[in-house]
Amino acid sequence: MFAVVDIAGQQVKVTKNTKYYVPKLDAEVESEVTFSNVLLVKDGENAAVIGTPFVDGRSVTAKVLQHLKDDKIIVFKKKRRISYRRLRGHRQQLTQIQVTNIA
């Protein structure tokens, strides 16, 4: 069984008892979060249920494991022969979750 869920503007394909990194959520560590924006649900041999835009009565429950930062991304801009160089770095803030239930 799997579901496609909209989490903070990103579509994530989730299955039960798996861990995912998603954009930072406003939730405490070790707390339960529920995502009600389920776009698609596939349950074993049954046909997939596709929402318009969301599937009614379905939700995904997950446990927040930790908040962390992703690896640094370097943005370097340069134009030849005119001494133009810009260096910027960025680290995306993430939340690690573990899906506990697809209802």
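The values are calculated or read from the model by the stated rules, or taken from the named source; none is laboratory data. Keep in mind the model is a prediction, meaning the values are calculated, not measured. Glycine also receives a Cβ, built like all others from the backbone with ideal geometry; neighbour counts cover every protein chain displayed.
Just to be sure before I move on: is ARG80 basic (Lys, Arg) and without any contact (Cβ under 8 Å) to a residue 40 or more places away in the chain in the structure I sent?
So ARG80 fits the description; yes.
Pairs please, first residue from the range 35-50 and closer than 19 Å to THR100 by Cβ, second anywhere and among the small types (Gly, Ala, Ser) and surrounded by 18 or more Cβ atoms within 10 Å (Cβ to Cβ), Cβ atoms under 6 Å, 6+ apart in sequence or on different chains.
Matching pairs, first to second residue: VAL38/ALA3; VAL41/ALA3.
On the basis of being under 22 Å from ALA103 (Cβ atoms), of a type outside the set (A, V, I, L, M) and in contact (Cβ under 8 Å) with a residue 24 or more places away in the chain, does GLN11 make the cut?
Yes: the conditions hold for GLN11.
Report yes if some residue within the range 19-27 is within 17 Å of VAL99 (Cβ to Cβ), modelled with pLDDT under 95 and basic (Lys, Arg); otherwise report no.
There is no residue in the range 19-27 that is within 17 Å of VAL99 (Cβ to Cβ), modelled with pLDDT under 95 and basic (Lys, Arg).
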